[in-house]
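The values are calculated or read from the model by the stated rules, or taken from the named source; none is laboratory data. Since the model is a prediction, treat every value here as computed from it, not as a measurement. Virtual Cβ from ideal backbone geometry, glycine too; neighbours counted across all protein chains shown.
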Amino acid sequence: MKYLNIQDSNLSLNAIIEEVTTSQSEVVIISNGLAIAKIVPCDNKSMTEKNYPLRGKPITIASDFDEPMPELWEALAE
């Protein structure tokens with residue numbers, strides 16, 4: 001883990017992100033002696049799995065999926 005003081009650092013955000021991606025380690029930004037932010041490398045595989053939880057799972061459609069539902073129309077008519 002690397003610590004950068006925001007007052008002493010003239011690094012741009014691009015340089016900090018490049019450091020994180022190449023070293024795959026965390027960078028903590030410090031201001032007035034207190035940690036204010038942490039930049040961590042992203043795990044793309046877990047991000048994809050979170051966005052698409054049903055990917056790769058079997059999908060089945062009920063045989064009566066598109067059949068009319070008379071009780072629904074009766075409820076709507078009331």
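List of remarks:
- All positions within the range 16-54 that are at pLDDT 85 or above, of a type in the set (S, T, Y) and assigned to a helix (DSSP H, G or I): T21, T22, S23
- Residue that is surrounded by the most Cβ atoms within 10 Å (Cβ to Cβ) [pool: residues in the range 1-14 that are out of contact with any Ser or Thr (no Cβ under 9 Å at 6 or more places or on another chain) and not in a loop (DSSP other than H, G, I, E, B)]: L4
- Flag for K57 being loosely packed, with under 10 Cβ neighbours inside 10 Å and modelled with pLDDT of 85 or more: yes
- Among residues of the range 47-73 that are acidic (D, E), those with a beta-carbon under 9 Å from a residue that is modelled with pLDDT under 90 at least six positions away or on a different chain give the pairs E49/R55.
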